[in-house]
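Participant: The structure under discussion is supplied below as structure tokens; questions concerning it will follow.
The values are calculated or read from the model by the stated rules, or taken from the named source; none is laboratory data. Everything numeric here is computed off the predicted structure, so don't read it as measured data. Glycine also receives a Cβ, built like all others from the backbone with ideal geometry; neighbour counts cover every protein chain displayed. Keep in mind that these areas ignore ligands, DNA and RNA; they rest on the heavy atoms of the full protein, side chains included. Shrake-Rupley method; radii C 1.70, N 1.55, O 1.52, S 1.80 Å.
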Amino acid sequence: MSAAEPALHPHIRTLYSAHHGWLQGWLRKKLGNAFDAADLAQDTFVRLLSAPDDTPEKQGDWQLHEPRAYLTLIAKRLMANLYRRRSLEQAYLEALGALPEPMAPSPEQQAIILETLQEIDAMLDGLAPAVRQAFLLAQLEGLGYAEIAAKLAVSERTVKRYMAEAMARCILLASE
């Protein structure tokens, strides 16, 4: 290993050597695209490498009994993120297509808006679906708490709790 090469935990290196090819093939079958499969396979191992040092993956006594199931779990989450991001991009492009030509943002503005939408989506990713939906109804549709409560069939107090949770997450992630 060269000095420029990052130090890999030996367990993750072994996991990579033994299962990267299999994972990439599995992803290629699921996605129907070798390029996305290669990216997601790499992202799966990057996720392992970026895990805190006190996680089982980084512990010296770590031994994974079902490595493929574990890698598949991580890869499925990354696939869901990929699909959600693409769906968001598609919805944005469709909304742009509906605008009259003079009102359409420049390509640079489009890129900034899309990046911002993806950042917001990432911020909301860890929220429970009902919390996320309440936040989006308030922010995107301008609904009040009573309207959101009626739409979600929950109490206003629950909507207030949802909104506090969503805002706290956004503030926490924006400060990182």
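Participant: Report, in degrees rounded to the nearest 10, the 0 to 90 angle that the Cα long axis of helix 107-124 makes with the longest principal axis of the chain.
Facilitator: Roughly 80 degrees, rounded to the nearest 10.
Participant: Give me the angle, in degrees from 0 to 90, between the Cα long axis of helix 156-174 and the longest principal axis of the Cα atoms of the chain, rounded to the nearest 10.
Facilitator: Between helix and principal axis, roughly 50 degrees.
Participant: Which of rounded, prolate or oblate describes the chain when judged by the alpha-carbon gyration tensor and an a/c cut-off of 1.5?
Facilitator: Judged from the Cα gyration tensor, the chain comes out prolate (a/c at least 1.5, a/b above b/c).
Participant: How big is the gap, in Å, between the Cα center of segment 14-32 and the Cα center of segment 81-146?
Facilitator: Going from one Cα centre to the other spans 31 Å.
Participant: Same structure, new question: Placing +1 at every Lys and Arg Cβ and -1 at every Asp and Glu Cβ, with all other atoms neutral, what dipole size does the chain have around its Cα centre, in debye to the nearest 20?
Facilitator: 660
Participant: How long is segment 78-176 along each principal axis, judged by its Cα atoms, biggest number first, in Å?
Facilitator: Here the spans come out as 43, 31, 26 Å, largest first.
Participant: Taking a 1.4 Å probe, which of Leu23, Leu152 shows the most accessible area, and what order do the others take after it?
Facilitator: Ranked from most to least accessible, the order is Leu152, Leu23.
Participant: On C-alpha positions alone, give me the angle between the axis of helix 129-140 and the longest principal axis of the chain, in degrees, nearest 10.
Facilitator: Computed tilt is about 50 degrees.
Participant: With the dipole of the chain worked out from charges on the C-beta (+1 for Lys and Arg, -1 for Asp and Glu) around the Cα centre, which of Leu48, Ile12, Pro67 lies farthest toward the positive end?
Facilitator: Result: Pro67, furthest along the dipole toward the positive end.
Participant: With every protein chain left in place, what is the accessible area of Glu156 in Å² (1.4 Å probe, nearest 10)?
Facilitator: So the heavy atoms of Glu156 present about 90 Å² to solvent.
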